[in-house]
Each structure stands twice: as structure tokens, then as C-alpha cells.
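Enquirer: Take a look at this one; I'll ask things after.
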């Protein structure tokens, strides 16, 4: 049986990075200018600032995790051979599936 290799998607990687950067930018804007986001529902600027800081921390961590995973993992996405299927396609990769 020949070995078949399916590479990881660069498109999904790029979209994940762009999405994280957008939320980091919006979180920073929310943390710096909470007065602009005050509405009838959210009247408290302190809550808005906390939400912005939480967004910065969370999506910053997500961005660093995505980049670290991509740079450190040079494995192909999925490899199908006579031993079985080797899954390296996600963060919760299981390895060899017999």
C-alpha cells in the first residue's frame, strides 16, 4: 500500500491568526476607550475595561499558542499508510490510529 499524505491547511492557520489579531485590536480599543462603548445595556465603563483586558489576555494567549504550535510542529496533517492513520491535524492529535 502506498503512503498518502494530507498536509495541514495554511488557509485555516492564516484565518486563525487574522481572527485573533482582530479580537486583540478590539479588546485593546475597548480597554483604552471604554466610554465609546457605553450603551443602555452596559452602562459601566469599569466592566467594559475589564472585558477589553480579558479579551487582550485570552486572544493574545490563543495567538501565541497557534503560532507556537505551527512553528514547532513540522508534521504533516494526516498520513495514511500500511500501519494505519497518523493524525497530526489538530491540537488534540491522537497520533497513530490502527
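What follows draws every value from the coordinates through simple rules; no lab data is involved. Values in this document were obtained by computation on a predicted structure and should not be read as measured data. Virtual Cβ from ideal backbone geometry, glycine too; neighbours counted across all protein chains shown.
Enquirer: Roughly what would the spin-label model give for residue 61 and residue 6, points 7 Å off Cα along C-beta, in nm?
Expert: Taking the simple label geometry, residue 61 and residue 6 are separated by 3.1 nm.
Enquirer: In degrees between 0 and 90, to the nearest 10, how far off the longest principal axis of the chain does helix 10-32 point, with axes built from Cα atoms?
Expert: Roughly 20 degrees, rounded to the nearest 10.
Enquirer: Compute the relative contact order of segment 9-74 as a whole-number percentage, counting only Cα pairs closer than 8 Å that sit 6 or more residues apart in sequence.
Expert: 39 percent
Enquirer: Quote the FRET efficiency, to the nearest 0.05, computed for residue 53 versus residue 13 with a Förster distance R0 of 30 Å and r equal to the Cβ-Cβ distance.
Expert: That pair, residue 53 with residue 13, gives E of 0.65.
Enquirer: Here is a further query. Can you give the angle from 0 to 90° between the axis of helix 45-72 and the longest principal axis of the chain, with both taken from C-alpha atoms, to the nearest 10?
Expert: Between the helix axis and the principal axis of the chain, the angle is about 20 degrees.
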